[in-house]
Amino acid sequence: AGAPADPDAVRIGLLVSLSGTYATVGQDMQAGFRLYLDSHGGRLGGRKVDLVVGDEGDGPATAVPAAQKLLERDRVVALTGLVGGATVDKVQVLTTARKVPLLGANARPAFTSEGGKPRDLTYTWHTSYNSDEPGIAIADHVKSQVGDGAVYAIGPDYQGGWDELRGFTDTFTRLGGKLANPDGKALFTPFPATENFLPYLNKAAETKPEAVYTFYAGAAAVAFVKQYAQSDLKDVPLYAAGFLTEGSVLTAQGPAATGIRNVLNYSPTLSNAANQAFIAAWSAAGNSSPPTTFAMASYDAAAVLDRALAGVAGDVTGPKLNEAIGKVGRVTSPRGDWQFEPTEHRPVQRWYLREVRADGPVLSNVLVQDLTTLPAT
Amino acid sequence: MTARLPLPHRWDDLRRWVPWLLPLGAATTLAAASDGYWPATVARMLPLALLAVSVATVTGAAGLPTLGQVAPYAAGAYTTARLAMAGHTLAPVHLTAAALAGAFTAGLLGMLLVRHRGTVVLMLSLAVAELTTITATQWRTVSGGTDGLAGIPAPHLLPGTPPLTADRPVLLYATAVTVAATAATMLLLHRHHLLLTAVRGNETRAAASGHPVTTYLWLVHTGAGAIAGTAGALLIHTHRWITPADVGFDTAALALLAAVIGGTHSPPGAAVAAVLVLGVRDVAAADWPGHAPLLLGALFVAAVYLLPGGLTAALTRLRAEIRRVRATRRPEPLPAASRRTS
Amino acid sequence: MLHVRDLTAGHRPDTPVVRSVSFHLPTPGVYAIVGANGAGKTTLLHTLAGHLRATTGQVHLGGRDLTGLLPHHLARAGVALAPQGRRLWPSLTVRDHLTVTRPATDDGFNVDDLFDLFPPLAARRRHHGHQLSGGEQQMLTIARALRTNPRLLLADEPTEGLSPRIAGQVIAVLRDLPDRGVTVLVALPQAHTATAVADRVYALNAGQLSDPPDGHVDLLVGDHRTPSNAHRSSHHARPPPARRALADHPRREHHQAGDRSPGNAPNPTNGTTMPPCLTTEANPR
Amino acid sequence: MTTRHVDAVDHIPSRRDPADIGRAHDTGLVATGLYHAHQRLTVLDLDSFAIAPGDRHAVIGPNGAGKSTLLNLLAGSTRAQTGTITYQGQTITRRGAAWRARAGIGRTFQHPTVYPGLTVLDCVRMGGWHHRRNPDRVPLELLELVGLTGHADYPATTLSHGHRRMLDLAVALAGQPRVLLLDEPAAGLTDTDLTRLLDILGTLPGWMAVILVEHHMDVVAALADWITVLHHGRRHLDGPADHVRADPTVRTLHLDSAEAGHAARP
Amino acid sequence: MDTYLIPGLDGIAYGLLLAIAAAGLTLAFGAGGVLNLAHGTLIAAGGYVAATTSTGTWPSLAAAVTAATVVGAAGGGVLAAATARLRGRGHLDQALLTFGIALIGADLLTTVFGADIRRPRLPAALDTTLTIAGHPYPADRLAALTAAVIITTIGYAVLHRTRAGRLIRATVDDRHMVAGIGVNPRAVDTTVLVVSGALAGLAGALCTPILGVGPATAPTTLLLSLVIVVCGGLGSVPGAVVAAIGVGLVQTIGVITIPALAPYLLLSAMALLLLTRRRPLPGMPG
Ligand SMILES: Nc1ncnc2c1ncn2[C@@H]1O[C@H](COP(=O)(O)OP(=O)(O)OP(=O)(O)O)[C@@H](O)[C@H]1O
Ligand SMILES: Nc1ncnc2c1ncn2[C@@H]1O[C@H](COP(=O)(O)OP(=O)(O)OP(=O)(O)O)[C@@H](O)[C@H]1O
Ligand SMILES: [Mg+2]
Ligand SMILES: [Mg+2]
């Protein structure tokens, strides 16, 4: 407890999963944030930053005590990171009550209402996206590729999976597309228990889909991609939310992932200057694999804080910082420039179509084309 | 001589209350401490502590190692959450309804579980724990899906009193409920201690002496379900959010391990151990982010070797040791026989 | 053969059950230990087999010092225990019980010999340990011990639960064993069976062994019924329940009520008295 | 009425005259058509078995004859596969062991076990739990009866085997049974305890019905007025004690140890 | 019919894959009476070792399998030493200890190997699909199926047909009487846990090419192995194989036939089996 030694310094909390199922994502996010910090001399907005890291673990049960510690004992002026949607949903209540800006850099759930009233999002910001946006972004492209053919939709049975798939299926059917799934609804596989996808895939093959759309992440993504290439579906085009092939899972998937087309707000092969600087710094920091959207969003969170803190005069308090975040305007980012949507406090950003291709000796999600900007203004 | 006799009795009476007043005193001290972190953090540990009491009751008193008490816990929690969200915010109503829901759930499950013993119970209750999470996940109208419910309205102690939102009153309230429920459990178990030890230890002989073993075990299981239900209500009151993962295997495992560390035959020991376990995971490990599992693992391993029989047994050993040391210091020698038994 | 000197052992360090026991079994033969229930027979045999640690004392078998050896070392040195209370392996079949044992030499009982010896076992060879009748379990306990081809067989009440016929067979086997060079030390509760079985009988009394003059064992064990640890009863100052005169026994009412008289009459010289709870008929539920 | 062999007639009443059976039906324990098998191996096959108040009925037979199984079926420790058991005119075939014990069918076990964690005195208390008019005096008297007063406050697990057997008897008696099933109560007892046992059994109240399974023929002789001999689960012989003991087939089957030596191959 | 041919085959192959994972646990828990919750961690350790050793050539695959087995055996040795002092203190203390060791082990594994998912490279001959009845089917699963058949056959022979197997069961029943026939029960315990650990390591090496290895591997394999061991009847190899195939079929045919109930299927099936089984598990009271 107590104020940091340097009177000018600010204390910022970074809450990410460092143990449990999502540790890879959490580590990426920490690396992204630290990369920005280190490349700016440990200062954001001219102030020395005292970064306090907390472990989110597997969900709210561990994340809430950790957030409480950051808020009450370390008295951070902003909380960033947060891997899981459920965590954001619960921690948001704490940060709002304490008037500390929550600058989420990954999942953004559809916040549950509080006592019948919608959530107060004044202190809630995200540098990432809404979980249904990848699906919304790619639906049009898939429709144009399959024409009148049907698409089979399959995903994991939890909130993230429901959101990701809903984004796609709703938009796709609204555009006149047909789902190959027998009941017209996406198929959800038990999560995280499913590790054998072959039966589902072979069953899906019987519906003779023109293409398959999916969302998986982590270990399930590895198993899914690997087994997809071994199933009756192996010649059917696979479209996915970009997390399917994002980051280290791609290495584990190996050649089986080649040709998967997926959608994300970032690709390491983007050619803008900010990205090139980011990539260079990323490799210089000793990372062998290309940066992920998780690292990038967390990097951007640092960038947002950098600009916001620069705009705060005198002592940094939660409300002052929050107000400053509202005023950062356009953020120059490796993903291309973006800005906060004024009421929902999430990025208005471009989405990209990527394809897994061999990029030298390693596989990479190579940029194919721009898709759309979301949320549509 | 005669004048002095009543004194130790009164002192003994008093001393019997001390262990129960201790946690309340500790909670008051914590609530008075300026830091807002401690009251909220400790209050959030108490539902698991009470759940561990319930698990220790089933595991210790009935001899059925169980992971399945999360089912009545979930029943109590979701009953409370739904009541609160429907506008019924009286805490006593919540506690009663949750206890009933817990007892009902445990009663139903008990009809299947108490016919089995040992590892079979453990595995059946593992299935119960997993199925509880799955049901909670799938029953989205009740549970709100995998992300669960948040912003559940705070309870009121009595009609007209302000809602229990501030961390310090919540801590005092949660401590009072935990202590009262644990004390009630202990009282009931103590009264039937002999019976339960006997049926647990030698079923065949007990049945041949006219004791309906399964009925006894079912009653214990159901009663423990009421405690677990109460713990579920407390979960909602202290957290005001819930996800299906909170009523799943991880919680069940922590509660069971806490019961083992505390000494399965002592529900209060289980409660203390649960606070200890969560303290290691959430407080001690906070300064070493990412390594909470490591510290927890180290705690478990240390507990096995350093506390055979659990915290309670360690306490008993300590007390015996103190008494032995005192006895040897006593000036007048005791008869040999009684010294040997002490 | 077996030399035991100053052996003290018990279940807890502070309460020895067997106290400074010394004896010497010079040649292979059948030796019996008799003693009241709770005298410490089982404790002594378990100590000799290594299952209990002796606090003092030495054990030599055939010149070899066995003091303080672990049970499996003792077993390999030729000490076999047929324990009281059967101690079978429920998940093994009768046959498995015998085949899992590897005798050091082949000149002992093989599995078929043992089945010949105990025909009921042969009929149950596929049954599991817990599926046997009490007597069958007892037979298997002895058979298992014999199968190790021991030099010293410790048999704890080996005839308990056996029908007189099988008991006779077991005793005959035990009596034959010395011819094979096996020393048999058998604990028996009753002096008269012991004198019939053994070449020599020792009496264990309150944890101490005495070597009675042949044929007078009864004198030593007959009327002692103190708990082996004498100190135990000393601080139990419970008053004995008042003895009721036998004349008051309500059984007479039943005679008058026309019931047939039960098998034998009470022994009027003995002080045994039913507690009143049992003498008035309990109310039917 | 003389001793009869099973194969001699179709149906053997187990009592001396029909009036006895009638009395057993109303007040005692009657089993008919009992059959029990394990893995196609017949363990017990008994057309009828009855005991009335006051009876002292011994069941003997070689090892594995089915004696303990019979007691288990009567006491409800094992459910009968076929057959009907009535007690005081009421069918109890489907009742569990606990119910039967409370109804007055008490028993001891061939392998006596105690309650771990309980003192000797508490074990007896547990036995009389359902008759708690005088919770402390009766158990103490029973302990005095079986000679374990000195052990009253010690953990029951520290009892020696013979003492456990005596304790088991005290526990059974504490339940104030109207039918007492004893499974080899004399096995492993020393002379002193044997005398004590005989005294206890001899002074059991006359309204009690006792079934005694025993190999120790002195005990049978001292107590039983009627003996059933089981062999391979079937009734081999049934009759008044003296007749059965004198029967030559019983001698060869069970008692005789004359030809014992031949089986032992050196 | 054709609908169920490949899922059926896959159910058996997947089931046998799980049988390998469960083999070590059957030995330790079922036969040896040690409730080893660190079993999944040993499998994961074997998997990580195999994933880092194997480079896609046959010799490296052989080296990977050997290394994983050795690492598993060493882990089993550690567990044997750790549980030796716990004899006679019941399953719950064992569970506490091995759960603690599992947590520590998981932390060590992620520290050493990272939190990423890893999959070993297989020789090209295995990393392909064969065509069965007109459907593609992965060759690596068929190879694992073969390995499973060999391992379980050997396991059956050892556990049910040899003196060693009887000794293991006897030691669980009454270790003092095992000492009484001249066998050191501690040696039996240690052997059981070392062999069980070796089997776990081997299972890790065989399963990771197909399922990958990551932080979730340990809990998932532990749960499935427990289900299989308990459903199969503790300590019975044929039972475990049948149970594993049952689990495999539930997870393949079951989940696609009634997808709505897919999450419930496995554990409900286990619960039903346990509830309806009349015979108590061997070696278990009640
Ligand atoms: N596990 C134990 N813990 C403490 N004391 C014990 C234990 N087992 C036996 N004793 C005590 O040791 C004494 C000797 O018991 P032991 O079993 O050796 O007697 P025994 O001569 O074999 O009697 P029996 O003829 O009844 O079998 C008894 O007084 C008994 O109370
Ligand atoms: N669970 C079981 N499974 C298979 N066979 C069994 C089982 N229980 C008992 N038996 C067999 O039933 C037969 C009768 O057993 P029971 O215990 O009734 O015999 P008993 O007459 O009491 O013999 P003993 O005098 O040796 O105690 C025995 O041969 C035994 O092997
Ligand atoms: Mg003895
Ligand atoms: Mg019997």
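Coordinate-derived values only; no laboratory data. Just so you know, these numbers come straight off a predicted model, no measurement behind them. Quick reminder, even Gly has a Cβ in these numbers, built from the backbone with ideal geometry, and neighbours come from all protein chains shown.
In this structure, A:ALA110 and A:VAL366 have a Cβ-Cβ separation that, at R0 = 30 Å, corresponds to a calculated FRET efficiency of about 0.40.
Normalised radius of gyration (Cα atoms, divided by 2.2 N^0.38 Å) for segment A:1-128: 1.02.
What whole-number distance in Å separates the alpha-carbon centres of segment A:253-304 and segment D:123-182? Comparing the Cα centres of segment A:253-304 and segment D:123-182, I get a distance of 79 Å.
So what is the relative contact order of segment E:198-280, in percent, for Cα pairs below 8 Å that sit 6 or more residues apart?
On the way: 35 pairs, mean separation 14.3, N = 83.
That works out to 17 percent.
The ranking of C:SER20, C:SER163 from fewest to most other beta carbons within 10 Å of each one's beta carbon is C:SER20, C:SER163. Amide hydrogen proximity for C:ALA82: with H placed 1.01 Å from N in the peptide plane, the residues at 5 or more positions away or on another chain lying under 5 Å are C:LEU154, C:ALA155, C:ASP156. With only the Cα atoms considered, chain A has a convex hull volume of 132 Å³ per residue.
Once R0 is set to 22 Å, what does the formula 1/(1 + (r/R0)^6) return for the Cβ-Cβ distance between D:ALA246 and D:THR195, expressed as a FRET efficiency to the nearest 0.05? Calculated value: 0.30.
Bridging of A:LYS327 to aspartates and glutamates at a Cα separation below 19 Å is possible for A:ASP120, A:ASP300, A:ASP306, A:ASP315, A:ASP337, A:GLU341, A:GLU344, once same-chain residues fewer than 8 apart are set aside. Debye-formula intensities of the protein assembly as shown, expressed as log10 I(q)/I(0) at q = 0.03, 0.04, 0.06 Å⁻¹, are -0.18, -0.32, -0.69 (one equal scatterer per alpha-carbon, no solvent). Hydrodynamic analysis of segment D:101-151 uses the Kirkwood radius over alpha carbon pairs. Inserted into Stokes-Einstein at 37 °C and 0.692 mPa s, it gives a translational diffusion coefficient of 277 µm²/s. Counting only DSSP beta bridges whose two residues both lie in the protein assembly as shown, roughly 50 percent are antiparallel.
Could you please rank B:PHE249, D:PHE49, placing first whichever residue has the fewest other Cβ atoms within 10 Å of its Cβ? Please list the in-between numbers first.
On the way: B:PHE249 18, D:PHE49 25.
Going from least to most buried by this count: B:PHE249, D:PHE49.
Helical content of the protein assembly as shown, expressed as a calculated mean residue ellipticity at 222 nm, amounts to -15000 deg cm²/dmol (DSSP H runs of 4 or more residues, -39,500 (n - 2.57) each, divided by residue number, nearest 500).
Would you mind ranking A:THR169, A:THR269 by Cβ crowding within 10 Å, fewest neighbours first? Could you put the intermediate results ahead of the total?
Numbers: A:THR169 23, A:THR269 17.
Least crowded to most crowded, the residues run A:THR269, A:THR169.
Sorted largest first, the principal axis extents computed over the alpha-carbon atoms of segment A:205-349 equal 64, 36, 26 Å.
Given a cut-off of under 8 Å on Cα pairs at least six residues apart, what relative contact order in percent is computed for chain B? Before the final figure, lay out the partial values.
Numbers: 539 pairs, mean separation 100.4, N = 342.
Computed over chain B, the figure is 29 percent.
Between segment A:176-209 and segment B:22-79, what's the alpha-carbon centroid distance in Å? Computed from Cα coordinates, the inter-centre distance equals 42 Å. Scattering from segment B:11-330 was approximated by placing one identical point on each alpha carbon and applying the Debye formula without solvent; log10 I(q)/I(0) at 0.08 1/Å stands at -0.36. Along segment C:95-109 the Karplus relation, 6.51 cos²θ - 1.76 cosθ + 1.60 evaluated at θ = phi - 60°, assigns HN-Hα couplings of 4, 4, 4, 8, 7, 6, 7, 10, x, 5, 10, 8, 7, x, 6 Hz to successive residues, with x for each Gly and Pro. Straight-line cross-link partners of A:LYS234 among the lysines, defined as a Cα under 27 Å from its Cα and at least 8 positions apart when in the same chain: A:LYS143, A:LYS178, A:LYS185, A:LYS203, A:LYS208, A:LYS226.
Note on segment D:18-264: antiparallel DSSP beta bridges, both residues inside, total approximately 60 percent of the bridges counted. Between B:ALA154, B:ALA99, B:ALA292, the GNM of chain B built on Cα springs shorter than 10 angstrom shows B:ALA292 fluctuating the most.
Ignoring lysines fewer than eight residues from A:LYS99 along the same chain, the ones with Cα atoms less than 16 angstrom from its Cα are A:LYS69, A:LYS90, A:LYS320. For D:ALA209, the amide hydrogen comes within under 5 Å of the amide hydrogens of D:GLY54, D:VAL179, D:LEU180, counting only partners 5 or more places away or on other chains and with H modelled in the peptide plane. Take every Cα pair under 8 Å whose residues are at least 6 apart in sequence, average their separation, divide by the length of segment B:1-151, and the relative contact order is 21 percent. Considering every alpha-carbon pair of segment D:18-264, the percent of pairs per 5 Å bin, from zero through the bin containing the longest distance, is 1, 6, 13, 17, 19, 17, 12, 8, 4, 1, 0, 0. Between segment C:140-161 and segment A:147-164, the C-alpha centres lie 71 angstrom from each other.
Binning at 5 angstrom from zero up to the longest distance, how are the C-alpha pair distances of segment B:203-342 distributed in percent? All Cα pairs, binned at 5 Å, distribute as 2, 8, 11, 14, 14, 13, 12, 9, 7, 5, 3, 1, 0 percent. Decide, for segment C:39-115, between rounded, prolate and oblate: order the square roots of the alpha carbon gyration tensor eigenvalues as a ≥ b ≥ c, take rounded if a/c falls under 1.5, and otherwise choose prolate if a/b is larger than b/c, else oblate. Taking the square roots of the gyration eigenvalues as a ≥ b ≥ c, segment C:39-115 is oblate.
Per-residue Karplus couplings for segment E:199-210, computed as 6.51 cos²θ - 1.76 cosθ + 1.60 with θ equal to phi - 60°, are listed in order as 4, 4, x, 4, 4, x, 5, 7, 8, 4, x, 8 Hz, Gly and Pro entered as x. Of the residues B:THR214, A:GLY32, D:TRP207, the one whose Cα sits farthest toward the positive end of the charge dipole of the protein assembly as shown, with +1 on the Cβ of Lys and Arg and -1 on the Cβ of Asp and Glu, is D:TRP207. For chain E, the Cα gyration tensor yields ellipsoid semi-axes of 30, 23, 17 Å (square root of five times each eigenvalue, largest first, whole Å).
Comparing A:THR122, A:THR194, A:THR258 in a Gaussian network model of chain A (Cα springs below 10 Å), the most mobile by mean-square fluctuation is A:THR194. Given R0 = 30 Å, the distance between the Cβ atoms of E:THR276 and D:HIS232 translates into a calculated FRET efficiency of 0.35.
Close amide H pairs (under 5 Å, H built 1.01 Å from N) link C:GLN208 with C:ARG19, residues at least 5 positions away or on another chain.
Between A:ALA63, A:ALA211, A:ALA280, the GNM of chain A built on Cα springs shorter than 10 angstrom shows A:ALA280 fluctuating the most.
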